Amino acid sequence: MKKVLIVVAVVAVIVVGYIWSTYNRLITTNEAVTNQWAQVETQYQRRFDLIPNLVESVKGVMKQEQKVFGDLADARAHYTGATDANQKAEAATQVEGSLSRLIAVMENYPQLKSADNVQTLMAQLEGTENRVSVERKRYNDVVQSFNVMIKVFPTNLIAKQLGYSTKNYFEAEAGAANAPKVDLQIK
């Protein structure tokens, strides 16, 4: 009888230890996902802070491109109004589309390329775009780790009881691989 109680106690300690360590890993990994999304948002904020300066620097030369400026402003407003990571990712993709159209237009204006302030802002914006790309990849990496952890047995049983579900990956919008069409005709 004593041996049975010892075996039951050892099994109970092992089960409790496993649940405890699984709970801690879930919390740690969930916080890693949250932290990485904050890093993505930091780069988005940097981008959004640079865009108005860039737009103001080129506005005077590009009177006929007011639609691009309006699209950028609308995209920034959409991002500001977003309430969760999925809405913010969608809004950021909208900003990227408008921004890529602006960059394509700017490349067709030699007088803009030679303006020091525009060159500086473009270099900062390009650097920011690279940072955004890196942070998104890191975000997707931690999301993958989290999603795998909560899907494998027996952790999935504990994760489900604690209310954890899979996180969404950051994905490019459909058609994002296509280059934007630029029409430079004054209408």
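Quick note: the coordinates plus some simple rules give every number you see, no bench work behind them. Just so you know, these numbers come straight off a predicted model, no measurement behind them. Using ideal geometry, Cβ is built from the backbone for each residue, glycine included, and neighbour counts are taken over all protein chains shown.
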Taking 0.36 nm per residue of sequence separation and subtracting the Cα-Cα distance, how much length would be gained by fully extending the chain between Gln161 and Gln124, in nm to one decimal? 8.7 nm
Between segment 117-160 and segment 1-47, how many Å separate their Cα centres? 21
Can you compute the modelled spin-label distance between Lys2 and Gln144, with each label point 7 Å from Cα toward Cβ, in nm? 5.4
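Of Lys137, Lys167, how do they rank once you tally other Cβ atoms within 10 Å and put the fewest first?
Sorted ascending by nearby Cβ count, the order is Lys137, Lys167.
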What's the long-distance tail for segment 1-53, i.e. % of Cα pairs beyond 19 Å? 60
If you rank Ile158, Ile14 by fewest surrounding Cβ atoms within 10 Å, what's the result? Ile14, Ile158
